[in-house]
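Worksheet: one structure, shown below.
The values are calculated or read from the model by the stated rules, or taken from the named source; none is laboratory data. Just so you know, these numbers come straight off a predicted model, no measurement behind them. Glycine also receives a Cβ, built like all others from the backbone with ideal geometry; neighbour counts cover every protein chain displayed.
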Amino acid sequence: MSGGGRPGVEVVDPGPLSTLQDLGRHGWAHLGVPRAGALDRGAAALARRLVGGAPDDAVVETTLGGIVLRPRRAVTVAVTGAACDVVVDRRHVAHGMPVTVPAGALLTVGRATTGVRSYVAFAGGLDVDPVLGSRSTDTLAGVGPPRLSVGDLLALGAPGALPEPPPAPVVRPRAPVLRLVPGPRVDWLGRGAWAALDGAAYVVAPDSDRVGLRLSGPRVERRGGELPSEGIVLGAVQLPPSGQPVVFLADHPTTGGYPVVALVEDDDLDLCAQLRPGNRVTLRTR
């Protein structure tokens, strides 16, 4: 990932899971390649804007445990998403604001105190070769750059003019509510099951990841049997025989054989990125 020897950012400690993400890999689902891309699209977009980046610049997405980076030249960065401490060497700096990190200084994005995923954007972006049109790491299919590891060197692009310092961004907490619309197989639900989903409370299961948000709670009744594999889209709510819903996220498979009984409204998908295991979430139907 070094990008021809240009000054870059060294990964000192990648944390439990850090990946590169942009807007995702579109147009390849017919060949079985998922879309990938940043899970919290709003947080990633804010990070890019704060450093004057382009809409599809690659950013670093961290998971719960943060990351430690060392730039080899001075660079302006912004950290958004999950609340966490941001430290340059031993100096605490602002979360959600542009900060210049000197060459050789340690940038520590700390453990998430609320939420799950933080985003780190760099002025000039990360000069990483795209794979099938995207620099996103796909954790399911293994397409794109590998997960970040100790010693990786990420090349930096040439920075442009930084934007005017913005007012402090106001990021209002989202109520843990996922709004559902009927899916193509809503007719597979048992009698009264759709109405029962409205207001149903679930807990985020420990095995949730970039592939899917797995929910644990009231069993949703559905008819028996299975379907031939069908196409899956971002936000699809699949219902396996266990009756426990699964919300498919950016690294979802392109096909699946369990019925898709609902879809999460697009505006609520960023919330899925920041729900951690054990969090409660309420479903709403319309």
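Tally the residues that are more than 13 Å from Thr100 (Cα to Cα) and surrounded by fewer than 24 Cβ atoms within 10 Å (Cβ to Cβ), restricting the search to segment 67-78. The total comes to 1. Going through (1) farther than 20 Å from Arg117 by Cβ; (2) hydrophobic (A, V, I, L, M, F, W, C); (3) part of a loop (DSSP other than H, G, I, E, B) one by one, Leu180 falls short only on (3). Is it the case, given these coordinates, that Val33 is aliphatic (A, V, I, L, M) and under 26 Å from Gly151 (Cα atoms)? No, not satisfied. Taking the criterion of being out of contact with any strand residue (DSSP E or B) (no Cβ under 6 Å at 6 or more places or on another chain) and surrounded by fewer than 23 Cβ atoms within 10 Å (Cβ to Cβ), the residues of segment 197-216 that qualify are Gly199, Val204, Pro206, Asp209, Val211. Applying the set (1) among the small types (Gly, Ala, Ser); (2) in contact with a helix residue (DSSP H, G or I) (Cβ under 8 Å, 6 or more places away or on another chain); (3) closer than 30 Å to Cys84 by Cβ to Ser216 leaves exactly one unmet item: (2).
Kindly establish whether Arg219 is in the same structural domain as Ala273 (by TED's automatic domain parsing) and either outside any loop (DSSP other than H, G, I, E, B) or surrounded by fewer than 16 Cβ atoms within 10 Å (Cβ to Cβ) (or both). Here the answer is yes, as Arg219 does meet what is asked.
Only one of Ala195, Ala262 is among the small types (Gly, Ala, Ser), under 26 Å from Ala44 (Cβ atoms) and modelled with pLDDT of 95 or more. Can you tell me which?
Working: Ala195 fails: under 26 Å from Ala44 (Cβ atoms).
Of the residues listed, the single one that is among the small types (Gly, Ala, Ser), under 26 Å from Ala44 (Cβ atoms) and modelled with pLDDT of 95 or more is Ala262.
The residues in segment 42-61 that are small (Gly, Ala, Ser), assigned to a loop (DSSP other than H, G, I, E, B) and crowded, with 19+ Cβ neighbours inside 10 Å can be counted, and the count is 3. Just one of the numbered conditions (1) part of a loop (DSSP other than H, G, I, E, B); (2) exposed (fewer than 14 other Cβ atoms within 10 Å of the Cβ) is not true of Asp187: (1). Taken together, Leu39, Leu20, Leu64 contain a single residue that is outside any strand (DSSP E or B), buried (at least 24 other Cβ atoms within 10 Å of the Cβ) and among the hydrophobic types (A, V, I, L, M, F, W, C), which is Leu39. Summed over segment 190-226, the residues that are among the polar types (S, T, N, Q) and more than 29 Å from the chain's Cα centre (by Cα) give a count of 0.
I want to confirm something. Restricting to segment 54-93 and keeping residues that are touching a helix residue (DSSP H, G or I) at 6+ places or on another chain (Cβ under 8 Å) and small (Gly, Ala, Ser), which single residue is nearest to Gly144 (Cα to Cα)? My answer is Ala54. Answer with yes or no whether Val93 is crowded, with 16+ Cβ neighbours inside 10 Å, under 15 Å from Thr19 (Cβ atoms) and β-branched (Val, Ile, Thr). Considered against the rule, which asks whether it is crowded, with 16+ Cβ neighbours inside 10 Å, under 15 Å from Thr19 (Cβ atoms) and β-branched (Val, Ile, Thr), Val93 comes out as no.
Scan segment 2-17 for residues that are modelled with pLDDT of 95 or more and either buried (at least 17 other Cβ atoms within 10 Å of the Cβ) or of a type outside the set (A, V, I, L, M, F, W, C) (or both) and the total you get is 8.
Within segment 272-286, the set of residues being over 18 Å from Thr62 (Cβ atoms) and surrounded by 21 or more Cβ atoms within 10 Å (Cβ to Cβ) comprises Val281, Leu283.
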